[in-house]
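Everything on this sheet refers to the single structure shown next.
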Amino acid sequence: MKRLPFSHKILKPWFTAFLISIIYTIVGGMWVFFSEPVLSKWIADPETFANSKIISQWLFIVISAHLLFLLIRRREMAFINTEESLFRVNRALRVFSECKKATTWDYDEYELLRKICRILVALGGYRLAWVGYASDDEEKTVKPVVHWGYEEGYLNALKVRWDESANGQGPAGTTIRTGQTVIVRDIMTNPKFRPWREMATAHGFSSAISLPLHNGRKVYGALVILAAEADSFDPEEASQLEELTEDLANRIRVIHGEAAQKKAKEEQLFLAKVIHQASEGVLTFDQDARVQYLNPAWEQICGVNAKDVISKTLHQLPCARNNNAFFMAIKGVIETGEVNTGLFQNVRDDGSRYKISANISPVMAGDSEVVRYVAVIQDVTYETELEDQLRTAQKMEAIATLAGGIAHDFNNILAAILNNTELALDDLPKDDKLRDHLEIVYQAGCRGKNLVKQILTISRQNTQERIPVHVETVVNECLNLLRASLPSTIEICKTIKPNLGMVAADPTQLHQVILNICTNAADAMEEQGGGILELRLDETTTASRADEIHASLHPGSYLKLSIRDTGHGMKREILDRIFDPFFTTKAPGKGTGLGLSVAHSIIENHGGLLNVESTPGQGTEFHLFLPKIYCIEQRTAVNDCLMAANGHEKILFVDDEPALVFAGKKMLEKLGYDVIASTDSRTALQLFLEQPASFDLVITDQTMPHMTGEMLAREILKVRADVPILLCTGNSLTDGSRDSVAKSRAIGIKEFMTKPYERAEMSQVIRRMLD
């Protein structure tokens with residue numbers, strides 16, 4: 001700080017006395033030597049001259065007395081001014097000393113400003129000191145942030161702005177707007193202080209000074225000091241206050257910088273914690289592909305330890321070493337500096353496979369300088385498996401749509417083939433040569449019928465009744481069949497835990513699943529000359545769907561059947577399509593590609609899961625999961641041998657397919673019934689209306705032009721409510737059609753059959769309705 005200069009020089013006492021004596025000696029000598037010659041020249045009379053000498057001496061005494069008074073008074077004023085200067089100097093030194101301490105040690109911005117205001121009032125003798133900050137609002141107001149002194153509501157009522165309006169012409173607004181110090185020497189006479197004059201004088205303010213606070217780029221506030229005396233701020237004092245304000249602004253700038261550094265450091269620590277705790281794997285590396293950092297998530301996803309890979313090159317990492325595509329993606333980012341994203345399948349050192357979604361990008365320090373690179377990965381194994389399941393479900397849905405569209409027409413065709421073939425076989429002698437040809441046709445029709453059932457099973461349109469089943473019983477039955485058909489080079493091993501309980505299943509479908517998988521396994525081993533077919537049955541429990549292996553299973557107890565072979569195994573691209581309908585790797589004519597698709601759909605329809613693991617050259621293992629049930633008794637499936645039952649009643653037979661009408665009429669007539677047939681539902685209704693009491697039974701197709709089977713039944717039942725009606729359909733009676741069946745039963749329809757039907761089956765249903 002600069003020292004405050006004195007208003008007047010401090011005169012030493014000896015120097016003042018010497019000056020007075022010199023001046024008195026000069027004046028006295030001049031009076032002695034020059035007074036008489038001057039008087040004698042002007043006064044000739046001796047008496048008058050004598051009187052003049054007395055007057056002259058008296059004048060000398062008066063003049064010398066006044067001179068002494070002036071000199072002594074000058075000395076006293078010098079001492080007074082010196083004391084005032086010393087007071088100001090001491091006050092300024094105290095103010096600047098305390099302000100210096102505050103600007104050195106205080107780290108809180110507002111506490112520092114408050115302390116400066118307090119020092120200015122308490123030590124500087126000013127009446128009020130306050131600091132206002134410029135607001136960037138629409139009105140450009142100046143907001144007081146701290147103050148000290150006699151305020152008494154002054155600042156609360158103060159409306160100060162820093163624009164060009166009248167309220168922006170005051171010292172604070174002008175300082176913020178122009179960046180210059182503003183001094184108001186007399187508030188009473190200054191025109192720019194008019195908006196606040198009355199309030200200022202009421203508080204005893206007579207002068208003011210406003211000093212700018214800036215951060216090096218712009219003025220953001222003002223330090224305003226008000227004094228009780230007018231003209232309290234001379235240039236020297238204003239200069240000192242400007243220097244004080246400059247130090248204050250510098251200290252605030254330092255505080256802001258330290259706060260910004262602290263905040264940046266806290267944000268860095270926060271981001272570091274976020275990265276450290278993130279579920280996504282994060283790895284940073286330099287231009288030499290050397291690892292600088294990787295977070296715990298990367299360790300967990302890739303199965304590595306950070307201590308083992310830090311400072312090593314990326315090609316030493318398992319995720320890059322075992323996946324050339326991932327390594328080349330990283331290398332490409334280093335070479336081109338462009339962001340690269342992709343989906344990669346990796347292998348851990350323990351052999352486990354996983355899929356990651358990766359984003360590899362450079363980290364820029366400026367506009368173009370690359371300081372490092374970062375790779376962010378996410379384990380998407382579970383998500384991709386769900387996507388694969390969704391795609392499979394969509395394929396199944398497409399098959400369902402296709403199956404639903406062709407089932408009716410295809411079943412009608414098969415019904416005509418089977419029924420007419422069956423009638424032809426009835427009419428031929430047993431030794432007729434045509435029987436062999438017709439039996440082949442009949443067998444082909446039955447295969448077509450079974451094929452439609454398989455397609456409907458895949459599309460989940462065919463639901464069979466489920467009963468409590470011991471899986472080990474079905475396994476043993478399947479193995480008994482397999483032992484007779486498999487070559488001796490294939491060894492069968494079986495491991496079944498006792499007392500496993502039961503599952504709710506269709507035994508026939510479960511039998512079909514096991515035989516399909518075992519047959520495929522036998523085919524795979526037969527190609528290499530033999531092997532081992534192993535079946536293991538035990539119990540397992542799934543606790544959460546988060547397990548990627550059991551993602552589609554509800555938590556609970558399951559029976560797990562594992563079927564493993566030592567065949568040639570499968571590659572990944574084949575494994576991904578193994579459950580696709582009509583996909584097969586067998587030679588033409590040796591497989592339809594439906595076996596595993598049917599097995600997959602059956603297990604899923606049972607609320608279970610079928611998955612597969614395979615490694616080329618090491619074999620394949622299927623895992624079947626079926627939900628366990630708890631019950632005491634097990635229902636026994638009874639296979640009744642249906643025999644054709646004859647009758648003599650009159651039947652109205654209606655179908656829009658002429659071939660079916662022809663075959664159906666012949667078949668029923670051979671059973672002894674009197675049949676009236678029609679291919680038009682409207683004609684059939686007219687026939688019934690003509691003789692409603694003559695018909696004992698009505699058999700009608702559902703899907704017909706002009707009038708559906710339900711519509712025909714409704715009109716017939718209006719005339720005769722007790723007539724039994726059998727509704728036939730080429731579509732499967734599935735879970736989805738149960739509402740339709742219930743609706744048909746509500747109309748009055750007694751029984752339902754799906755086409756193609758066989759003669760024995762039809763005869764049994766007819767007798768059940770009529771007897």
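The values are calculated or read from the model by the stated rules, or taken from the named source; none is laboratory data. Source: prediction; values computed, not measured. Heads up, the Cβs are rebuilt from the backbone with ideal geometry, glycines too, and the neighbour counts pull from every protein chain shown. All accessible areas refer to the heavy atoms of the entire protein, side chains included, with ligands and DNA or RNA removed. Shrake-Rupley method; radii C 1.70, N 1.55, O 1.52, S 1.80 Å.
Quick notes
- All positions within region 309-335 that are open to solvent by less than 60 Å² (accessible area, probe 1.4 Å) and in a loop (DSSP other than H, G, I, E, B): LEU317, ASN323
- Looking only at residues of region 336-350 that are at pLDDT below 85 and open to solvent by 70 Å² or more (accessible area, probe 1.4 Å), we find that the one that is farthest from GLN287 (Cα to Cα) is ASP350.
- Residue selected from region 136-148 under the condition touching a strand residue (DSSP E or B) at 6+ places or on another chain (Cβ under 7 Å) and free of Cβ contacts under 8 Å to residues at least 60 places away in the same chain, by the criterion farthest from TYR110 (Cα to Cα): GLU139
- Region 281-308 - residue that is surrounded by 17 or more Cβ atoms within 10 Å (Cβ to Cβ) and part of a loop (DSSP other than H, G, I, E, B) and, of those, farthest from the chain's Cα centre (by Cα): ALA289
- Per-region count, region 94-110, residues open to solvent by less than 80 Å² (accessible area, probe 1.4 Å) and not acidic (Asp, Glu): 7
- Checking VAL471, VAL475, VAL503 one by one, the residue that is under 42 Å from the mean Cα position of the chain (by Cα) and at pLDDT 80 or above is VAL503 and no other.
- Some residue of region 558-565 being acidic (Asp, Glu), modelled with pLDDT under 85 and either surrounded by fewer than 16 Cβ atoms within 10 Å (Cβ to Cβ) or closer than 30 Å to LYS355 by Cα (or both): no
- Note on region 192-235: among residues that are touching a residue at least 40 places away in the same chain (Cβ under 8 Å) and β-branched (Val, Ile, Thr), the one that is farthest from ARG161 (Cα to Cα) is ILE225.
- Top-ranked residue of region 352-368 - restricted to ones that are small (Gly, Ala, Ser) and out of contact with any strand residue (DSSP E or B) (no Cβ under 9 Å at 6 or more places or on another chain), ranked as farthest from ARG572 (Cα to Cα): GLY366
- For region 680-693, residues that are out of contact with any His (no Cβ under 9 Å at 6 or more places or on another chain) and open to solvent by less than 40 Å² (accessible area, probe 1.4 Å) total 4.
- The test for being modelled with pLDDT under 80 and on the phi > 0 side of the Ramachandran plot holds for GLY529.
- Flag if ALA358 is without any contact (Cβ under 8 Å) to a residue 60 or more places away in the chain, surrounded by 13 or more Cβ atoms within 10 Å (Cβ to Cβ), part of a helix (DSSP H, G or I) and not hydroxyl-bearing (Ser, Thr, Tyr): no
- Selection status of ALA272, in contact with a Gly (Cβ under 6 Å, 6 or more places away or on another chain), open to solvent by less than 70 Å² (accessible area, probe 1.4 Å) and among the hydrophobic types (A, V, I, L, M, F, W, C): no
- Residue that is surrounded by the fewest Cβ atoms within 10 Å (Cβ to Cβ), among those in region 204-232 that are part of a loop (DSSP other than H, G, I, E, B) and over 60 Å from the mean Cα position of the chain (by Cα): ASP231
- Output for region 111-128, where each listed residue is under 22 Å from ALA200 (Cα atoms) and either open to solvent by 10 Å² or more (accessible area, probe 1.4 Å) or in contact with a Cys (Cβ under 9 Å, 6 or more places away or on another chain) (or both): ARG114, ILE116, ARG118, ILE119, LEU120, VAL121, ALA122, LEU123, GLY125, TYR126, ARG127, LEU128
- Contacts under 8 angstrom Cβ, first residue in region 430-447 being closer than 23 Å to ILE413 by Cβ and basic (Lys, Arg), partner open to solvent by less than 50 Å² (accessible area, probe 1.4 Å) and outside any helix (DSSP H, G or I), 6 or more apart: ARG435/LEU428
- The set of residues in region 559-577 being of a type in the set (Asp, Glu) and either farther than 12 Å from GLU534 by Cβ or out of contact with any helix residue (DSSP H, G or I) (no Cβ under 8 Å at 6 or more places or on another chain) (or both) consists of GLU573, ASP576.
- For VAL376: the one exception among (1) within 25 Å of GLU573 (Cα to Cα); (2) hydrophobic (A, V, I, L, M, F, W, C); (3) modelled with pLDDT of 85 or more: (1)
Per-residue answers, yes or no, for (1) of a type in the set (Lys, Arg); (2) more than 23 Å from GLU236 (Cβ to Cβ):
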site	(1), (2)
TRP148	no, yes
LYS159	yes, yes
GLU164	no, yes
GLY170	no, yes
THR175	no, no
PRO191	no, yes
PRO195	no, yes
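- The set of residues in region 155-199 being of a type outside the set (Lys, Arg), farther than 25 Å from LYS218 by Cβ and surrounded by fewer than 15 Cβ atoms within 10 Å (Cβ to Cβ) consists of ASN156, ALA157, ASP186, MET188, THR189, PRO191, GLU198, MET199.
- Of all the criteria given as (1) open to solvent by 60 Å² or more (accessible area, probe 1.4 Å); (2) under 22 Å from ALA416 (Cα atoms); (3) modelled with pLDDT under 90, the one not satisfied by ASP674 is (3).
- Residues that are outside any loop (DSSP other than H, G, I, E, B), open to solvent by less than 70 Å² (accessible area, probe 1.4 Å), among the β-branched types (Val, Ile, Thr) and at pLDDT 90 or above within region 715-739 comprise ILE716, ILE725, listed in sequence order.
- The test for being in a loop (DSSP other than H, G, I, E, B) and surrounded by 19 or more Cβ atoms within 10 Å (Cβ to Cβ) does not hold for MET667.
- Answer residue from region 367-378, given it is out of contact with any Gly (no Cβ under 8 Å at 6 or more places or on another chain) and open to solvent by 40 Å² or more (accessible area, probe 1.4 Å) and is nearest to LEU283 (Cα to Cα) among those: ARG372
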